[in-house]
1. Would you kindly compute the Cα radius of gyration of the chain and its largest Cα-Cα separation (Dmax), both in Å?
2. Using every pair of alpha-carbon atoms in the range 1-121, split the distances into 5 Å bins beginning at 0 and state the percent of pairs per bin, rounded to integers.
3. Roughly how many Å² is the accessible area per residue of the range 6-150, as a whole number, for a 1.4 Å probe?
4. Per DSSP H run of at least 4 residues, take -39500 (n - 2.57); add these up for the chain, divide by its residues and hand me the 222 nm value, nearest 500 deg cm²/dmol.
5. Quick check: the angle from helix 260-273's long axis to the longest principal axis of the chain, C-alpha only, nearest 10 degrees?
6. Given R₀ = 51 Å, what would the calculated FRET efficiency be for VAL135 paired with LYS22, taking r from the Cβ atoms and rounding to 0.05?
7. Say each of LYS67 and GLU197 gets a label point 7 Å from the Cα, pointing the same way as Cα to Cβ; how far apart are those two points in nm?
8. Starting from the Cα of ASN259, step 7 Å along the direction of its Cβ; do the same at TYR111; then give the gap between the two resulting points in nm.
Amino acid sequence: GKAVTAQDIDLLLSSEAGKDVKGVFITHNETSTGVYSDLKSIGEVCQKHNVLYLVDAVSSLVAIDCKTDLWGIDVVITASQKALMTPPGLCFFSVSKKGWEYNQEAKCPRYYWDLANALKSLKKPTPENPYTPAVTLLFGLNEALNMIKQEGLENVFKRHLQLSKMFRTGVEALGLELMVKDEKIASPAVTSIMIPEGIEAGKITGFFRNNGIVIAGGQGQLKGRIIRVGHLGYVDAFDISNTLITLGRAFKSQGKALNTEAALNKAWEVYEHE
Ligand SMILES: *Cc1c(COP(=O)(O)O)cnc(C)c1O
């Protein structure tokens, strides 16, 4: 439930252990906990130590701002299936000049995922993919991008932040505990909720599934300890409201009463004022 800070990375890169480090990999939005990292300040540290800066923005791009060049990010990777609202199967990279220099020197074996090969095809008079792309997905992506353009990217960021604040407020008013306490690092894309003693997380996610809403459990050591609610992409305030109501019903089915009325009142109040 805590974020890695620029100072953490600065300390590590300044230490003996950081001497041979070539690059820093970071997950912008940590989907397994609901924490997001401050890419800008970490970028400054990477530039100071002259290391390659690579960002997994799979669950954040379009939901949370990512100013690639301005923040000195060398490689950003994302995929179609999260905030880009498209079925899985497409992957997107941006590579800086420095990134391409590293690519030229890299010796790891590769063929299908050879970015240099992709660049060569991209630079043809009629840009191509090196291999057959999943064209059906590109039609879906085109529609998703039109929707994003119509709403306006800045408005899309704002909506994600507003809905996450609405949901976090509602969850606390229900009487449940948020995993990420600090609002400054709380993900605008996904919220993790602690499961109280005596409640089985699987029963809660199962109740949701039976009621037409899919939420996730925890992964690894968080399995059974948290549930996770994604609120990215094609999501609005009614989805948040319905999820709060369903949380109340799911816990009630397990013998734990939550304050749904207070949660809805407070959540909608936040929605109207944010
Ligand atoms: C979803 C996701 C991925 C991609 O996961 P796959 O399901 O393996 O495609 C990568 N990173 C983050 C942070 C994600 O949320």
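The values are calculated or read from the model by the stated rules, or taken from the named source; none is laboratory data. All of these numbers come straight from a predicted model, not from anything done at the bench. Cβ placement follows ideal geometry from the backbone for every residue including glycine, while neighbour counts extend to all protein chains displayed. Protein only, heavy atoms only, side chains kept; ligands, DNA and RNA dropped before computing areas. Shrake-Rupley method; radii C 1.70, N 1.55, O 1.52, S 1.80 Å.
1. For the chain, the Cα radius of gyration and maximum Cα-Cα distance read 20.9, 65 Å.
2. Spelled out bin by bin, the range 1-121 gives 2, 10, 19, 21, 20, 16, 9, 3, 0 percent.
3. Ligands and nucleic acids excluded, the result is 61 Å² per residue.
4. Helix contribution divided over all residues of the chain: -13500 deg cm²/dmol.
5. Approximately 50 degrees, to the nearest 10.
6. Values: r = 36 Å, r/R0 = 0.71.
Efficiency, from the Cβ-Cβ distance: 0.90.
7. Between LYS67 and GLU197, the simple spin-label model gives 4.7 nm.
8. With each label point 7 Å from Cα toward Cβ, the separation is 6.3 nm.
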